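The values are calculated or read from the model by the stated rules, or taken from the named source; none is laboratory data. Note that the coordinates shown come from a computational prediction; the quantities given were computed from them, not determined experimentally. All Cβ positions, glycine included, derive from the backbone under ideal geometry; neighbour counts span all protein chains shown. When the accessible area is computed, the model is the full protein with side chains, heavy atoms only, and any ligands, DNA or RNA have been set aside. Shrake-Rupley method; radii C 1.70, N 1.55, O 1.52, S 1.80 Å.
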Amino acid sequence: MVEHDRIPTDIPGLDKILQGGLPKNGVFLVTGNTGAGKTLFCSQFLWNGLEKGEKGIFFSLEERTKDIIHNAETFNWNFQKHIDDKNFVLEYSDPFELSNISSLIKEKIETNEAKRVVIDSTSVLGMVSDNEHEIRKNLYQLVEALKQTGATVLLTSEIPEGSKQLSRFGVKEFVADGVILLNYENGK
C-alpha cells in the first residue's frame, strides 16, 4: 500500500474514516442537499487549519462574505481576526462576471500561500456554461490549476432534491479526487 501525506481535517470522527485526513494537494467534492451543512463543513476545515497556522482562502460564489463571517461566529470561529492578520482571504465573486476563474483562483492561492482552499459553490459555475461538455472541460481546467498550487481544496456542490446524481450537473464527481457526501437527517 502506498502511503500518502495527509492533511488532518480535525473534524470529529472524519480523520479516522479517512485514515488520517485528506490526501494533500487533492481536490475534493463536498456535496449534499440544501441544508446538509456543506458550507459549515468547509468553514470548519478552514478554521481548523487557521488554528494550526495554515493559511486559507474561502472563495464564495453564492454567499456574501459578511454572512459567512457571521455564521462562523456562531461557532466562535473568528475569521475576521485571521483576515486582519493576513492569514485568511474570504472573497465573494459573481460567477456571471468571471471570465477565467481558473487563473484568478490559482493566482490568489499562490500569492497568499494558502494551504487550504474552499470554493463554494461550484454549482453556479455550471449555470454559466452552455452544455455538459463545456461544464466538464471548465471544471477539469479548474481542478488542474488547483492541483498546481499545492493546496488541499474543497469544492462544494448541491444535489438537486430527488436527484440520484452527486452534483447538480452530474460531472463534478468525475473531476475530483474524492467525494464527501453530506446528508441532512431530521432529528425526530
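Within region 1-20, which residues are crowded, with 19+ Cβ neighbours inside 10 Å and farther than 21 Å from ASN71 by Cβ?
As a first pass, look at region 1-20 and keep what is crowded, with 19+ Cβ neighbours inside 10 Å: 7, 9.
Scanning region 1-20 gives a single hit, ILE7.
Here's the yes/no breakdown for (1) open to solvent by 30 Å² or more (accessible area, probe 1.4 Å); (2) among the basic types (Lys, Arg); (3) more than 21 Å from ASP5 (Cα to Cα):
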| position | (1), (2), (3) |
| --- | --- |
| VAL27 | no, no, no |
| THR31 | no, no, yes |
| ALA36 | no, no, yes |
| LYS52 | yes, yes, no |
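Checking the structure you have, find out if any residue of region 75-82 is under 28 Å from ASN138 (Cα atoms) and open to solvent by 30 Å² or more (accessible area, probe 1.4 Å).
So far as region 75-82 goes, no, none of its residues is under 28 Å from ASN138 (Cα atoms) and open to solvent by 30 Å² or more (accessible area, probe 1.4 Å).
So for region 2-23 (the condition being within 12 Å of the chain's Cα centre (by Cα) and within 22 Å of SER157 (Cβ to Cβ)), does at least one residue qualify?
no
So if I check each of GLU63, GLU91, which one is touching a strand residue (DSSP E or B) at 6+ places or on another chain (Cβ under 6 Å), exposed (fewer than 15 other Cβ atoms within 10 Å of the Cβ) and among the charged types (D, E, K, R)?
Values: GLU63 fails: touching a strand residue (DSSP E or B) at 6+ places or on another chain (Cβ under 6 Å).
Matching residue, one of GLU63, GLU91: GLU91.
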